[in-house]
Amino acid sequence: MAERVLIDKLENLESKHGIEINVNAFLEYNDYSENFEAKVIGEVFGEIDNDIKIIISAYNDMGEIIGTGYTYIDEDSFEGIQPFSETIDAPKGEVISKLRIYPQKS
């Protein structure tokens, strides 16, 4: 069964880029690869003037970064709302305890 992962959003960066990120994440054990992974599901709202990357950083319970990923929002095709989903894999033996999610100009 999946459990929710704590999410740390950097809302000051969301405001800077004119967006809001609505996001949830769930931790699951992958029997095939024998590691934990976070399923990140969200939507981006707002108005953008540039292409944006949504950066996702994963941390263990000691605060060490153990994985990263991103999704890309294209300014030309953005209509004010866009869903996204990403999977962040933890190295074997590690468990994701927190995700930090923030926008970055691409």
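Since every read-out is calculated from the coordinates, none of them should be taken as a lab result. Quick caveat, the model's predicted, so the values are computed rather than measured. Don't worry about glycine lacking a Cβ; one is built from the backbone with ideal geometry, like all the others, and counts go over all protein chains shown.
If only the Cβ of Lys and Arg carry +1 and only the Cβ of Asp and Glu carry -1, the dipole of the chain around its Cα centre is close to 300 debye.
In the chain, the DSSP-assigned H stretches of four residues or longer account for a calculated mean residue ellipticity at 222 nm of -1500 deg cm²/dmol, using -39500 (n - 2.57) per stretch and the full residue count as denominator. For the stretch 41-102, the convex hull spanned by the alpha carbon atoms encloses 78 Å³ per residue. Sorted on the mean count of surrounding Cβ atoms within 10 Å across their residues, most packed first, peptides 5-11, 76-82 read 5-11, 76-82.
Here the chain is treated as an ellipsoid with the same Cα gyration tensor; its semi-axes, largest first and in whole Å, are 26, 13, 11. Using the basic label-point model (7 angstrom from Cα toward the beta carbon), what is the ILE55 to SER106 distance in nanometres? With each label placed 7 Å out from Cα toward Cβ, I get 1.5 nm.
For the stretch 26-31, putting each phi into the Karplus relation 6.51 cos²θ - 1.76 cosθ + 1.60 with θ = phi - 60° gives couplings of 10, 9, 9, 8, 9, 5 Hz, in residue order, rounded to whole numbers and with x for Gly and Pro. Please report how many Lys pairs in the chain have alpha carbons closer than 22 angstrom, counting only residues at least 8 apart along the chain or sitting on separate chains. Taking the Cα cut-off of 22 Å, the pair count is 11. For chymotrypsin sites (Phe, Trp or Tyr not before Pro), the sites in the stretch 1-62 that DSSP calls loop and that have at most 12 other Cβ atoms within 10 Å are TYR32.
Assuming R0 = 30 Å, can you tell me the calculated FRET efficiency for the pair GLU79 and SER33, based on Cβ-Cβ distance, to the nearest 0.05? Don't skip to the end; give the middle numbers.
Numbers: r = 35 Å, r/R0 = 1.18.
The calculated FRET efficiency here is 0.25.
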